[in-house]
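The values are calculated or read from the model by the stated rules, or taken from the named source; none is laboratory data. Treat the numbers as computed from the prediction; the structure is a model and nothing was measured. Here the Cβ is made from the backbone with ideal geometry for all residues, glycine too, and neighbour counts use every protein chain on show. Each accessible area value is taken on the protein alone, full model and side chains, heavy atoms only, with ligands, DNA and RNA left out. Shrake-Rupley method; radii C 1.70, N 1.55, O 1.52, S 1.80 Å.
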Amino acid sequence: MRICEQIEGSLEPRCDGILVRDVRIGLGYSAVQLEDGRTGVAFTFSDRVPGGCCQFLDGPPLAGRKASELLKFVGSAEILKSALGLATANALANVQPENGVEGDVLDALRLSSSDRVAMIGYFVPLLTPLENRVGRVDVYDEIGLDRPGASPASDGLEGLAHADVALITSTSIINNTIDELLDAARNCRETILLGASTPLLPEAFSGSPVTMLCGITITEPASVLRVVSEGGGTRFFKSYSRKWNLPIGER
């Protein structure tokens, strides 16, 4: 079963008639807020959104719909719908995790000086600390090819096959590359999904090589909605969210 299907299947029972209160589609992230105030975000692939002034010809408004309806968007071939589906999933799932450790991913990750790390997605703040702790870091990214050291995302499968540690952006759930990336990472000692788009939902990754989920819970929903509407991204979420590292298996 595909990861997107497992996310939807794990969360559908939690919807229980819950309605969507608010939807924001920003240039950096999109956000969905439920009627009880819970809010989730997911990356907006704004460069892939089709042209034109209308994106949801099948029936806005989105606010007021059942959460279960938007949850079905996860994994859609329409990139904007897929983002809103994952934002809905994160609104449902991303509460303080029972076994989570708060803080940055590198504080929770076991690394050795001989490790080879494959990073899928250009996480700039992690690069220098990683390079100081491991033997090699290979970065694969679609957006950051103008940045020094980044290789095309299409080379990432080969990089994962030779890595000890995989750091994979959860935007791969949105663009439907997650399953092939996880398949390529099956021999990695650690496989981590990270970023604000990450669903803190261990059951959705049962049977996969994922060993840790690193995402956020939102503490000030109104502020995050404003940031999203104003085109902001993760650097502006810091004051309004908490980072969590949730181990989900040992390799």
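Only one of (1) free of Cβ contacts under 8 Å to residues at least 40 places away in the same chain; (2) closer than 22 Å to S76 by Cβ is not met by R235, so which one is it?
Of everything listed in (1) free of Cβ contacts under 8 Å to residues at least 40 places away in the same chain; (2) closer than 22 Å to S76 by Cβ, R235 misses just condition (2).
So which of F56, F45 is open to solvent by less than 20 Å² (accessible area, probe 1.4 Å) and at pLDDT below 95?
Details: F56 fails: open to solvent by less than 20 Å² (accessible area, probe 1.4 Å).
Going through F56, F45 in turn, the sole match is F45.
May I ask you to list the residues in the range 209-235 that are modelled with pLDDT under 95 and either within 14 Å of the chain's Cα centre (by Cα) or of a type in the set (S, T, Y) (or both)?
If the condition is that a residue be modelled with pLDDT under 95 and either within 14 Å of the chain's Cα centre (by Cα) or of a type in the set (S, T, Y) (or both), then G233, T234 are the ones that fit.
Looking only at the range 164-181, which residues are over 20 Å from W244 (Cα atoms), open to solvent by 10 Å² or more (accessible area, probe 1.4 Å) and in contact (Cβ under 8 Å) with a residue 40 or more places away in the chain? So that I can check it myself, show each step before the final result.
First, pick out the residues of the range 164-181 that are over 20 Å from W244 (Cα atoms): 164, 174-181.
Cutting the leftovers down to open to solvent by 10 Å² or more (accessible area, probe 1.4 Å) gives us 164, 175-177, 179-181.
Of everything in the range 164-181, those that are over 20 Å from W244 (Cα atoms), open to solvent by 10 Å² or more (accessible area, probe 1.4 Å) and in contact (Cβ under 8 Å) with a residue 40 or more places away in the chain turn out to be D164, N175, N176, D179, L181.
Identify, please: which residue in the range 187-208 is under 12 Å from the mean Cα position of the chain (by Cα) and among the aliphatic types (A, V, I, L, M) and is, among those, surrounded by the most Cβ atoms within 10 Å (Cβ to Cβ)? Talk me through it step by step, then tell me what you get.
Let us first name the residues in the range 187-208 that are under 12 Å from the mean Cα position of the chain (by Cα), namely 192-201.
When the remaining residues are screened for being among the aliphatic types (A, V, I, L, M), the result is 192-194, 196, 200-201.
Details: I192: 24, L193: 30, L194: 24, A196: 26, L200: 23, L201: 22.
Top of the filtered list is L193.
Please state which of the following conditions A184 fails to meet, knowing it meets all the rest: (1) farther than 21 Å from G103 by Cα; (2) open to solvent by 20 Å² or more (accessible area, probe 1.4 Å); (3) out of contact with any Leu (no Cβ under 7 Å at 6 or more places or on another chain).
Going through (1) farther than 21 Å from G103 by Cα; (2) open to solvent by 20 Å² or more (accessible area, probe 1.4 Å); (3) out of contact with any Leu (no Cβ under 7 Å at 6 or more places or on another chain) one by one, A184 breaks only (3).
Restricting attention to the range 86-106, which residues are part of a helix (DSSP H, G or I) and either in contact with a strand residue (DSSP E or B) (Cβ under 6 Å, 6 or more places away or on another chain) or free of Cβ contacts under 8 Å to residues at least 40 places away in the same chain (or both)? Show your work before the answer.
Going residue by residue through the range 86-106, those that are part of a helix (DSSP H, G or I) are 86-93, 105-106.
Hits for the range 86-106 are L86, A87, T88, N90, A91, V105, L106.
Tell me whether the range 210-219 contains one or more residues that are open to solvent by 70 Å² or more (accessible area, probe 1.4 Å), out of contact with any His (no Cβ under 9 Å at 6 or more places or on another chain) and closer than 27 Å to E78 by Cα.
For the range 210-219, residues open to solvent by 70 Å² or more (accessible area, probe 1.4 Å), out of contact with any His (no Cβ under 9 Å at 6 or more places or on another chain) and closer than 27 Å to E78 by Cα: absent.
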